[in-house]
1. Say whether the condition of being without any contact (Cβ under 8 Å) to a residue 12 or more places away in the chain and among the charged types (D, E, K, R) is met by at least one residue in the stretch B:93-109.
2. Only one residue in A:20, A:36, A:30 is in contact (Cβ under 8 Å) with a residue 24 or more places away in the chain and out of contact with any Leu (no Cβ under 7 Å at 6 or more places or on another chain). Which one?
3. Kindly indicate whether residue A:73 is in contact with a Leu (Cβ under 6 Å, 6 or more places away or on another chain), more than 11 Å from chain B (Cβ to nearest Cβ) and over 28 Å from residue B:40 (Cα atoms).
4. Looking at residue A:129, is it assigned to a loop (DSSP other than H, G, I, E, B), farther than 21 Å from residue B:139 by Cα and touching a helix residue (DSSP H, G or I) at 6+ places or on another chain (Cβ under 7 Å)?
5. Restricting the stretch A:134-154 to residues that are part of a loop (DSSP other than H, G, I, E, B) and surrounded by 15 or more Cβ atoms within 10 Å (Cβ to Cβ), which is farthest from the other protein chains (Cβ to nearest Cβ)?
6. Among the residues of the stretch B:217-248, how many are touching a helix residue (DSSP H, G or I) at 6+ places or on another chain (Cβ under 6 Å) and loosely packed, with under 11 Cβ neighbours inside 10 Å?
7. Within the stretch B:42-50, does at least one residue satisfy the condition of being modelled with pLDDT of 95 or more and surrounded by fewer than 19 Cβ atoms within 10 Å (Cβ to Cβ)?
8. In the list B:78, B:82, which residue meets the criterion of being under 21 Å from residue B:237 (Cβ atoms), surrounded by fewer than 20 Cβ atoms within 10 Å (Cβ to Cβ) and not β-branched (Val, Ile, Thr)?
Amino acid sequence: MQEGEIHIEHKEIREALFSVTDPEIPVLSVLEMGIVRDVQVENSKVHIKITPTYSGCPAMDTIAQDIKFAVDGKGFETEIELVLAPAWTTDWITVEGRKKLEEYGIAAPLESSLDKRALIDGERIVKCTNCGSTNTEVKSQFGSTACKALFTCKDCLEPFDYFKCLK
Amino acid sequence: MEKDNLYQYLLMLGDNSMILGHRLSELCGHGPTLETDIALTNISLDLFGQVRSYFQYAAKLKGGDSSEDKIAFLRYENQHKNVLLVEQPNTDLAHVFTRQFLFDAFHKLLLEDLKTSKDETIQAIAIKSLKEVDYHLRFSAQWMKRLGDGTEESHAKMQTALNHLYPYVYEFFRATDVEKDMKSQGIGVDLEKIQKSYFMMVNDVINASTLTIPETKPRQAEGKIGRHSEQLGYILSDFQYMQRAYPDMVW
């Protein structure tokens, strides 16, 4: 198990959570995003702790509702709690999650020091999700959602999103 | 409870983000390019996210039927504790970027200090928010340099904006009774301590932007105790419109 991954013993609940995705990135489940921080089961009562990626993430309320709906659907009574500490980091996106991000067309976050070199110094190290070239440039440090930056590939000329490193 | 210093301190922290967040939201769809438009509204969103955390906590402290929405939408002008800098209008992009930069630099230092606050909730909000504010500061500092050290016209506009907005920054460091009490309890920041770092950081960027540090005197400003410029009234009439027109409405 990697850092940030949580262990959920209850198979039905784990499956229910796997079916819930971030509405902004519909290929990633809330487990792969690392948003679900803790699951406590007591008979038919489930207490789930979730944490926001960014403070203002507008998807949080929907995600909480979707989780409740999915887990309640398995015959549980679910309570969702939003926790702020410890703060979410992109390190909690699972290996599988990173792969899915890339396939979806969002470049997965680089580690912190490389991220700074890519976003601030304009170093060409972020790989284009379309053609794989690293001949890419940052267009804007802010993208279509708070968690992403906007890049363009100089080789295939396609624009693409990069998931910013948050640590 | 209204007089409780922690509650007042949370309003102070939240109001800066809320009013600046609203100012930035006014630019939604009006940015000069799509990228800048999105960046400014992204920053606005981060700030509103932070406000929600502060006000949810404040509502919990106050108890009763208090809620984050009531705190945000149902206070009068003199009950707002933000500094005057953040309520200044979006005169032009030079003002938008300069206002943002002067605030971001303070915001970063403030949150860095709040990371060790004795209040666990404030500490958690600070750790979370700091990651976001790092991006804000990178963005605004970069625009200071790009436009300050840009064309003759962009330079002139940036200098005008700086001359207008710089006198407001001194207000950050004039500690109110609430802030003094919070500091002594180990909950709030030591403003004196961050003042030095602030001017060093800000003046470095101003110099790198080839702009001149204004020699103007500090401006009379007492937003933190509820005395505001005329700007706040206009902001609130827009910001609070729905709750005032349709009391207690929910989505």
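1. In the first step, residues of the stretch B:93-109 are kept if they are without any contact (Cβ under 8 Å) to a residue 12 or more places away in the chain; the result is none.
Scanning the stretch B:93-109 turns up no residue that is without any contact (Cβ under 8 Å) to a residue 12 or more places away in the chain and among the charged types (D, E, K, R).
2. On the way: A:36 fails: out of contact with any Leu (no Cβ under 7 Å at 6 or more places or on another chain); A:30 fails: out of contact with any Leu (no Cβ under 7 Å at 6 or more places or on another chain).
One residue alone meets the criteria, A:20.
3. Working: in contact with a Leu (Cβ under 6 Å, 6 or more places away or on another chain): no; more than 11 Å from chain B (Cβ to nearest Cβ): yes; over 28 Å from residue B:40 (Cα atoms): yes.
It is false that residue A:73 is in contact with a Leu (Cβ under 6 Å, 6 or more places away or on another chain), more than 11 Å from chain B (Cβ to nearest Cβ) and over 28 Å from residue B:40 (Cα atoms).
4. Details: assigned to a loop (DSSP other than H, G, I, E, B): yes; farther than 21 Å from residue B:139 by Cα: yes; touching a helix residue (DSSP H, G or I) at 6+ places or on another chain (Cβ under 7 Å): yes.
So residue A:129 fits the description; yes.
5. Going residue by residue through the stretch A:134-154, those that are part of a loop (DSSP other than H, G, I, E, B) are A:134-135, A:141-147, A:154.
In the following step, the residues that additionally are surrounded by 15 or more Cβ atoms within 10 Å (Cβ to Cβ) were identified as A:141-143, A:145-147.
Working: A:141: 6, A:142: 4, A:143: 7, A:145: 8, A:146: 5, A:147: 9 Å.
Within the stretch A:134-154, the match that is farthest from the other protein chains (Cβ to nearest Cβ) is A:147.
6. Total satisfying the criteria: 0.
7. Checked against the condition, which is being modelled with pLDDT of 95 or more and surrounded by fewer than 19 Cβ atoms within 10 Å (Cβ to Cβ), the stretch B:42-50 yields no hits at all.
8. On the way: B:82 fails: surrounded by fewer than 20 Cβ atoms within 10 Å (Cβ to Cβ).
It is B:78.
The values are calculated or read from the model by the stated rules, or taken from the named source; none is laboratory data. Predicted model, so just to flag it, every value in this text is computed and none were measured. Positions of Cβ are generated from backbone atoms using ideal geometry, with glycine treated the same way; all protein chains shown enter the neighbour counts.
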